Amino acid sequence: MRKKMVAGNWKMHGNLAENEQLLNAIIPSLSELRANVQFAVCVPFPYLSSVQNLLQHTNIALGAQNVSQFDKGAYTGEVSVAMLNDFGCSYVIVGHSERRMLYGESNALVADKYIAAQHGKLIPILCVGETLEQREAGITEQVIQEQLRAVTEKAGVDSLSKAVIAYEPVWAIGTGKTASPQQAQDIHASIRQGIAIQSADVADELTILYGGSVKANNASELFAMPDIDGGLIGGASLIADEFIAISRALNN
Ligand code: 13P
């Protein structure tokens, strides 16, 4: 059975006190939920250690938001997979649209980061998605298939059995605009179909998250769609009641 997942992407938010307050509010509620949903929070690098401690003996996994494609070396400011392993990370987001757009990460670089993560036994959460311009030009599926192909050509389709994909339409991130459940479902189905051409088994088992203004009030209808296996949550992951409600919506 496909694994379901709710992951928070805290982006560049939080501080020691706020993080502790947030997690102390979330942990007890999530601990009551069933075991077939994976929960995770992807936190800024400086907080990995403190959040690792707070998450001990909980059902919430730890993730990072970025990683270097290199093992080690003279790469000022970068963080390696081994460093993330040191702090008990299980997940790392690769190819978030904010990194693609603001830091010029190409499909090829994202594929290298994905491969590096898997070499280090981290599960990459590979983000794909189109801009508004691309959607309006009618090339959404083409853009996403290219983003995926860059990874499967380098890493092989079987690598997706140890990865999670997040479909995040760029126009829906932080804008309050959500893809309608049907719009999201259509893209999730096309992602799964594209992968099924290479491996039906991998496609069937692949967890595909939706991200982009998921909130407590729209999570249930998104998660009801057959190819939406959970969410990658930005803003709402910083509000305990919202994150709990979204997690419950998937757990139903
Ligand atoms: P929002 O939920 O704030 O739109 O962010 C989505 C996102 O980018 C998660 O990675």
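The values are calculated or read from the model by the stated rules, or taken from the named source; none is laboratory data. Everything quoted here is computed from the prediction, not taken from an experiment. A quick note on method: Cβ atoms are made from the backbone with ideal geometry, for glycine too, and the neighbour counts reach across all protein chains shown. Ligands, DNA and RNA are excluded from the accessible area calculation, which covers all protein heavy atoms including side chains. Shrake-Rupley method; radii C 1.70, N 1.55, O 1.52, S 1.80 Å.
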Residue match in segment 163-180 (condition: more than 15 Å from the ligand (Cβ to nearest atom), part of a helix (DSSP H, G or I) and open to solvent by 20 Å² or more (accessible area, probe 1.4 Å)): no
Index of the failed condition, residue 33 passing every other in (1) touching a residue at least 60 places away in the same chain (Cβ under 8 Å); (2) farther than 30 Å from residue 201 by Cβ: (2)
Residue in segment 232-240 that is touching a helix residue (DSSP H, G or I) at 6+ places or on another chain (Cβ under 9 Å), more than 28 Å from residue 32 (Cα to Cα) and either open to solvent by less than 10 Å² (accessible area, probe 1.4 Å) or part of a loop (DSSP other than H, G, I, E, B) (or both) present: no
Residue 159 hydroxyl-bearing (Ser, Thr, Tyr) and in a helix (DSSP H, G or I): yes
Subset of segment 183-196 [open to solvent by 60 Å² or more (accessible area, probe 1.4 Å), within 18 Å of residue 131 (Cα to Cα) and more than 16 Å from the ligand (Cβ to nearest atom)]: 186
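Residues checked against (1) on the phi < 0 side of the Ramachandran plot; (2) within 16 Å of the ligand (Cβ to nearest atom); (3) open to solvent by 70 Å² or more (accessible area, probe 1.4 Å):
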{"site": "31", "(1), (2), (3)": "yes, no, yes"}
{"site": "42", "(1), (2), (3)": "yes, yes, no"}
{"site": "58", "(1), (2), (3)": "yes, no, no"}
{"site": "64", "(1), (2), (3)": "yes, yes, no"}
{"site": "80", "(1), (2), (3)": "yes, no, no"}
{"site": "84", "(1), (2), (3)": "yes, no, no"}
{"site": "89", "(1), (2), (3)": "yes, no, no"}
{"site": "94", "(1), (2), (3)": "yes, yes, no"}
{"site": "97", "(1), (2), (3)": "yes, yes, no"}
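Results for (1) closer than 22 Å to residue 35 by Cα; (2) of a type in the set (Phe, Trp, Tyr); (3) over 15 Å from the mean Cα position of the chain (by Cα), shown as yes or no for each residue.
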residue: 178; (1), (2), (3): no, no, yes
residue: 189; (1), (2), (3): no, no, yes
residue: 206; (1), (2), (3): yes, no, no
residue: 209; (1), (2), (3): yes, no, no
residue: 244; (1), (2), (3): yes, no, yes
Residue in segment 200-210 that is farther than 21 Å from residue 152 by Cβ, of a type outside the set (Phe, Trp, Tyr), within 12 Å of the ligand (Cβ to nearest atom) and in contact (Cβ under 8 Å) with a residue 12 or more places away in the chain present: no
Considering residues of segment 1-17 that are more than 14 Å from the ligand (Cβ to nearest atom) and under 19 Å from residue 250 (Cβ atoms) only, the residue surrounded by the fewest Cβ atoms within 10 Å (Cβ to Cβ): 1
Lone unmet requirement of (1) crowded, with 21+ Cβ neighbours inside 10 Å; (2) modelled with pLDDT of 95 or more for residue 224: (1)
Within segment 121-133, tally of residues that are open to solvent by 40 Å² or more (accessible area, probe 1.4 Å) and modelled with pLDDT of 95 or more: 1
Residue that is farthest from residue 93 (Cα to Cα), among those in segment 211-228 that are within 15 Å of the ligand (Cβ to nearest atom) and part of a loop (DSSP other than H, G, I, E, B): 217
For residue 11: the one exception among (1) more than 20 Å from residue 94 (Cα to Cα); (2) in contact with a Gly (Cβ under 7 Å, 6 or more places away or on another chain); (3) among the charged types (D, E, K, R): (1)
